[in-house]
Amino acid sequence: MRVFSKIVVGIIIVTAGAVLAVMTSDRLQERLVSRALHQSIMHQQTQSALFGGDNLDVVFCGTASPMGNADRAQQCIAVLAGDQFFIVDSGARSTANVVAASLPVGRLNGVLLTHFHSDHISSLGELHLASWVRGRDGPLAVYGGAGVSQVVDGFNLAYGLDYGYRTAHHGEEFVPSKNAGLVAREFALSDREMTVIHDAGGLVISAFAVPHEPVSPALGYRFDYGGRSIVMSGDTSASEMVQRAADGADVLIHEVLQPDLVRILSKTLRETGQDKLGQIIDDTLDYHTFPQDAAKIAQAAGADMLVFTHFAPPPASRLVERFYTRDIDKDFIQPVLAEDGLWLRLPVGSDDIEMENLID
């Protein structure tokens, strides 16, 4: 027993000595930090190389609605196919998740906007900087319906001084001015048909109109690559157009609002003296889709997987998660509840859908 005690004491002394050495030695502290940073950067580079290739990859970088986000970022979904990389929407805090997921942001081809609510555009400035300093080739293309030029002009005006400061400080070699800024890629589409807005390298992106009045235009998107397909509803009330766009899709990603939760939240706000906010929350009931309706749409479309995102309100616990599935008929397709960092991989030449979470 004494021998064992001496060993324990010895270990404690050695450990304490090591901690003391780290706390008092500048050189050792720098060496440890350098080693940790090196390992982290190498891991990020290895991870970045995994995306795309002969796959259709989807990464959820923001899954919250504008109110009550908890620990989630606002709406943002990354799509990678071959060597192409697009992001759909760029809500608050989502760029941090893009970086945390080790996405190859330096080769970002463009951003697709579903509409111009603040929770879908507010991180465009951060996404611009993150991709610019990592080597994006050319201004950041921002695709959208009528009005996207106004959004782009506004960001360029607000961030114009920043563009100049970055290049003046770091030099044209590292942050070239020719790659600074956002550029609008506006397109028109009919109310009843899908419109192809991108067709290159085997990736076809189609846009379609959805009802989100008074917001107009409001869009959803379909991505087809190597026989695999994903559809994003955008913000919408239950829509036949989403069902048509998702016909035979591998994955339907659908926004969702839980009406019982919204009513509880609205009632509680009113009871605590926040009548205006309670009314604003109540107003959301008429232009989003309820869980059971999204499930019916996915079932009718024949989608293989249904994923809920843009939660109103975000499920902050297992109890709240249950609200999003409890009214869905057991014979219907059962949804996956997206979290920030969820990665779906659809390999070409396969029916598999692989899932992993990239953000702890």
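Taken together, the values in this text are just the output of simple stated rules run on the coordinates, not laboratory data. Quick caveat: nothing in here was measured; it's all calculated off a predicted structure. Methodologically, a virtual Cβ is constructed for each residue, glycine included, from the backbone with ideal geometry; neighbour enumeration extends over all protein chains shown.
Between beta-carbons, use under 12 Å as the cut-off and find the net charge around Leu129, counting Lys and Arg +1, Asp and Glu -1.
Once positives and negatives cancel, what remains is +1.
Quick one: which of 35-42, 301-308 comes out on top by average Cβ neighbours within 10 Å, and what's the full order, highest first?
301-308, 35-42
So what's the gap between the Cα centers of segment 239-278 and segment 298-318, to the nearest angstrom?
For segment 239-278 versus segment 298-318, the Cα centre distance is 11 Å.
For mean projected area of the Cα convex hull in nm², pick the label among (1) 25.4; (2) 18.7; (3) 22.4 that corresponds to the value derived from the coordinates.
Computing mean projected area of the Cα convex hull in nm² and matching it to (1) 25.4; (2) 18.7; (3) 22.4 gives (1).
Relative contact order of the chain, please, whole-number percent, based on alpha carbon pairs below 8 angstrom and at least 6 residues apart.
16
Mind computing the radius of gyration and Dmax over the alpha-carbon atoms of segment 200-349? Å is fine for both.
16.3, 57
Name the residues whose placed amide hydrogens come within less than 5 Å of the amide hydrogen of His198, ignoring near sequence neighbours (fewer than 5 apart) on the same chain.
Ile205
Compute the FRET efficiency between Ala70 and Glu356 as 1/(1 + (r/R0)^6), taking r as their Cβ-Cβ distance and R0 = 25 Å, and round to the nearest 0.05.
In this case the efficiency is close to 0.70.
Mind checking which of Leu306, Ala100, Phe332 is farthest towards the positive end of the chain's charge dipole, using Cβ charges of +1 (Lys, Arg) and -1 (Asp, Glu) about the Cα centre?
Sorting the options by dipole projection puts first Ala100.
So what is the 222 nm mean residue ellipticity for the chain from helices alone, if each DSSP H run of at least 4 adds -39500 (n - 2.57) and you divide by all residues, rounding to the nearest 500 deg cm²/dmol?
Here the helix-only value at 222 nm equals -11500 deg cm²/dmol.
Fully extended, how many nm does the chain gain between Gln44 and Ser25 (0.36 nm per residue separation, minus their Cα-Cα distance)?
Value of the extension gain: 4.0 nm.
Are there chymotrypsin sites (Phe, Trp or Tyr not before Pro) in segment 169-216 that DSSP puts in a loop and that have at most 13 other Cβ atoms within 10 Å, and which ones?
Sites meeting the loop and neighbour criteria: Phe174.
Can you find, among Gln75, His254, Tyr165, the residue sitting farthest towards the positive end of the charge dipole of the chain, where Lys and Arg contribute +1 and Asp and Glu -1 at Cβ?
The residue sitting most towards the positive pole is Tyr165.
So in the chain, what percent of DSSP beta bridges are antiparallel if you round to the nearest 5?
In the chain, approximately 60 percent of DSSP beta bridges are antiparallel ones.
What order, most packed first, do the peptides 340-346, 128-134, 278-284 have when packing is the mean number of other Cβ atoms within 10 Å of each residue?
Highest-to-lowest ranking by the protection proxy: 340-346, 128-134, 278-284.
Roughly how tilted is helix 2-24, in degrees to the nearest 10 and between 0 and 90, from the longest Cα axis of the chain?
Relative to the chain, helix 2-24 is tipped by roughly 70 degrees.
Ranked from highest to lowest mean number of other Cβ atoms within 10 Å per residue, what is the order of the peptides 251-258, 145-152?
Order by mean packing, descending: 251-258, 145-152.
Compute the distance in nm between two label points, each set 7 Å from the Cα along the Cα-to-Cβ direction, one at Thr325 and one at Leu32.
About 4.2 nm separates the two model spin labels.
Using +1 on the beta carbon of Lys and Arg, -1 on that of Asp and Glu, and nothing else charged, what's the dipole of the chain about the Cα centre, debye to 20?
That gives the chain a dipole magnitude of about 1480 debye.
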